[in-house]
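Novice: What follows is a single structure, and I will ask about it in a moment.
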There are 2 protein chains.
Amino acid sequence: MNDLTQDIAPIPALTMADVVELRLREYLKKKSFRPGDALPKEQELADALGVSRNVVREALSRLRMLGMIDTKKKRGMILTQPDILGSFERVLDPLILSQNTLQDIFELRLVLEMGLADLLYVRKTDKDIEELEAIVNEEVHQIQKPFRVEHEIAFHGKLYQMTGNETFLRFQSMLLPVFEYVVDFEIKASGNTKVGKITHRDLVHILRTGKAEDFRQGMKEHLSPHFERLAKS
Amino acid sequence: MNDLTQDIAPIPALTMADVVELRLREYLKKKSFRPGDALPKEQELADALGVSRNVVREALSRLRMLGMIDTKKKRGMILTQPDILGSFERVLDPLILSQNTLQDIFELRLVLEMGLADLLYVRKTDKDIEELEAIVNEEVHQIQKPFRVEHEIAFHGKLYQMTGNETFLRFQSMLLPVFEYVVDFEIKASGNTKVGKITHRDLVHILRTGKAEDFRQGMKEHLSPHFERLAKS
DNA sequence: TAATTTCTTTTGTACTACATAATAAAGGTG
DNA sequence: CACCTTTATTATGTAGTACAAAAGAAATTA
């Protein structure tokens, strides 16, 4: 463990843009700005903060990326509902994330799948189950790699959609590719390619006839190869 | 439903900074940049893209906020491991999120709690349980509001910490305040303040003597007032 | 050779200028 | 008087220049 940056926090070295971003956040919070409210114009902010408009724009550019503000020429800027997952999505690239983080995300997705049952059973409808069944019937003969992943996404994605929770659905659709990346990586390393005894079809059957607890046990079995990969620390 | 913006997507209206941000992402991906690699200097990027350095800086400012790049004077910019939750944190303010999103996050946290058991049982140690017990003993006589939340965070936070998953721990510590906000809001509306029959202390006991499945059932019971709040759609 | 001083380079910040789009105001026409 | 058209007006978007500051690199000296 010779990576000092892990133990010693780097010096902040805030730039003006960093500070302005913070100050703007404070300002919005203190003044209880709500979505739809208009912000002061750039030059006014720059004057008030004693910095150049340039710096203000860099900070605003960040908030704009987060979906916190929306700007129109002349009309000025207004506060908006941020897209809470948008920025997350920007950063979720397996190639630039550390092995540790990838593992964390892998586990996070396992936890989500295991916790899904209760919410699912509150919201599921017969129509949902039929659609899910249709998805399962589509995948029947496809075993090759790219197709398998596609069906994995379709099936599990539908499960999340059934919860009626949009954030949840998007979140999982972002996590799953990372999950698959980790699985692929480990399969290549270990050669272990076994799959769970419970198939997607079995899960649908449980959804029809069983209880939430049965579904969770089925999911656990379905994901068992992944659980076996979990290291003891 | 007279809010047109819900149905009709707004015109993108990309600014140069938006485009440059995208192009930089593509560039980094295409060239397989890895953490530690040095980026071209700002002026070179500006020339290559045919825009002013100003615009490039706005885009870089965004990437810097996401923790994707780190810049030092003279030495230039290098790619870094992004902080995948940092930007999430910036946006997770109950006051600016829609009721729908708040509800989604509320549910997300419930799902996480319910899915926690398996991972927890793989990783938990006796020392962890002792520490958890200490936390429970601390909270024994405190029932007032601010203390309750504090203990809620301490207890559940410890559970997540026991999974050894740093991302997970941070994630929950960000979700929990939003969760509490939603709960508060609903309590004020309905007056319903009942709590689950299973206490933190009971959960620790289960953790000592029971199996993962027992713990999950205990958690379900512990969270039952919240599950009852879930609307059927 | 090693320590110190002096370039040199690249980011950080400021300022100016102007294009552009969207609104507001003014003016004309039925 | 109301309605349409045209003309300012104004705030953001973009470009470009200039210079301060920090951090290496190079040169100089002991």
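Novice: Under 1.5 on a/c is rounded, so check that first for the range A:114-224, then, if it is not, pick prolate when a/b is larger than b/c and oblate when it is not; a ≥ b ≥ c are the square roots of the alpha carbon gyration tensor eigenvalues.
Specialist: Values: a/c = 1.61, a/b = 1.49, b/c = 1.08.
Prolate, because a/c is 1.5 or more and a/b exceeds b/c.
Novice: Compute the projected area of the convex hull of the Cα atoms of the range A:31-160, averaged over all viewing directions, and report it in nm² to one decimal place. Can you show the working numbers first?
Specialist: Numbers: hull surface 53.7 nm².
Mean orientational projected area (the range A:31-160, Cα hull): 13.4 nm².
Novice: At residue B:48 and residue A:122, where each label point lies 7 Å from the Cα along Cα→Cβ, what is the point-to-point distance in nanometres?
Specialist: Result: 5.0 nm between the two label points.
Novice: Run the numbers on chain B and let me know its relative contact order in percent, using alpha-carbon pairs under 8 Å that are six or more apart. Don't jump to the answer; show the numbers that get you there.
Specialist: Details: 192 pairs, mean separation 39.2, N = 233.
Across chain B, relative contact order equals 17 percent.
Novice: Additional query: Taking a threshold of 28 Å on the Cα-Cα distance, which of the pairs A:30/B:158; A:41/B:29; A:158/B:194; A:211/B:197; A:211/B:194 fall above it? Kindly include the intermediate steps, with their values, before the conclusion.
Specialist: Working: A:30/B:158 32 Å; A:41/B:29 36 Å; A:158/B:194 34 Å; A:211/B:197 22 Å; A:211/B:194 26 Å.
From A:30/B:158; A:41/B:29; A:158/B:194; A:211/B:197; A:211/B:194, over 28 Å: A:30/B:158; A:41/B:29; A:158/B:194.
Novice: Can I ask one more? Kindly rank A:129-138, B:187-196 from highest to lowest mean number of other beta carbons found within 10 Å of each residue. Working shown, then result.
Specialist: Values: A:129-138: 15.5, B:187-196: 10.5.
In decreasing order of mean packing, A:129-138, B:187-196 become A:129-138, B:187-196.
Novice: Hey, another quick one. Count, for each residue of B:183-193, the Cβ atoms from other chains sitting within 10 Å of its Cβ, then give me the mean as a whole number. All intermediate terms of the calculation are to be shown ahead of the outcome.
Specialist: Details: counts 0, 0, 0, 0, 0, 0, 0, 0, 0, 0, 0.
What the average comes to for B:183-193 is 0.
Novice: Then there is this: How much accessible area per residue does the range B:4-79 have, counting only protein heavy atoms and a probe of 1.4 Å, in square angstrom? List each step's numbers first, then the result.
Specialist: Values: 4880 Å² over 76 residues.
Value for the range B:4-79: 64 Å² per residue.
Novice: Specify which residue in the list B:218, B:106, B:95 is farthest towards the positive end of the charge dipole of the range B:87-229, using unit charges on the beta carbon of Lys, Arg (+1) and Asp, Glu (-1), about the Cα centre.
Specialist: The residue sitting farthest along the positive end of the dipole is B:218.
Novice: Report the Stokes-Einstein translational diffusion coefficient (µm² s⁻¹, integer) for the protein assembly as shown, Rh taken as the Kirkwood radius over Cα pairs, at 10 °C with viscosity 1.306 mPa s. Provide the component values of the computation, followed by the final result.
Specialist: Working: Rh = 24.4 Å.
Stokes-Einstein gives a translational diffusion coefficient of 65 µm²/s.
Novice: Given R₀ = 30 Å, what would the calculated FRET efficiency be for residue A:154 paired with residue B:186, taking r from the Cβ atoms and rounding to 0.05?
Specialist: Working: r = 34 Å, r/R0 = 1.15.
With a Förster radius of 30 Å, E is 0.30.
Novice: Give me a single rounded figure for A:51-60: the average over its residues of other chain Cβ atoms within 10 Å of their Cβ. Mind showing how you got there, number by number?
Specialist: Values: counts 0, 0, 0, 3, 2, 0, 6, 10, 3, 3.
Mean inter-chain Cβ contacts per residue within 10 Å come to 3.
Novice: How far, in degrees from 0 to 90, does helix B:212-222 lean away from the longest principal axis of the Cα atoms of chain B, to the nearest 10?
Specialist: 80
Novice: Taking a label point 7 Å from the Cα of residue B:22 along the Cα→Cβ vector, which residues of the range B:45-77 have an amide N closer than 15 Å to it?
Specialist: Within reach of a label on residue B:22, which here means backbone N under 15 Å from a point 7 Å along Cα→Cβ, the range B:45-77 contributes B:59.
Novice: Also: Please report the base-10 log of the normalised intensity I(q)/I(0) for chain A, using a Debye sum with one equal scatterer per alpha carbon and no solvent, at each q in 0.14, 0.18 (1/Å).
Specialist: -0.97, -1.26
Novice: Where is the GNM fluctuation largest for chain B (alpha-carbon springs, 10 angstrom cutoff): B:27, B:160, B:121?
Specialist: Between B:27, B:160, B:121, it is B:27 that shows the largest mean-square fluctuation.
Novice: Determine the calculated [θ] at 222 nm for chain A from helices alone, applying -39500 (n - 2.57) to every DSSP H run no shorter than 4 residues and normalising by the residue count; nearest 500 deg cm²/dmol. Don't skip to the answer; put the middle values down first.
Specialist: On the way: 12 runs with 154 residues, N = 233.
Calculated at 222 nm, the ellipticity per residue is -21000 deg cm²/dmol.
Novice: Take every residue in peptide A:83-96, count the Cβ atoms of other chains within 10 Å of its Cβ, and give the average of those counts. Kindly include the intermediate steps, with their values, before the conclusion.
Specialist: Working: counts 2, 13, 4, 3, 12, 7, 1, 9, 12, 2, 6, 0, 6, 10.
Average per residue, whole number: 6.
The values are calculated or read from the model by the stated rules, or taken from the named source; none is laboratory data. The structure presented is a predicted model; accordingly, all values stated were derived computationally and were not measured. Counting neighbours? That spans all protein chains shown, and the Cβs are built from the backbone with ideal geometry, glycine included. To get the accessible areas, we keep the full protein, side chains included, count just its heavy atoms, and leave off ligands, DNA and RNA. Shrake-Rupley method; radii C 1.70, N 1.55, O 1.52, S 1.80 Å.
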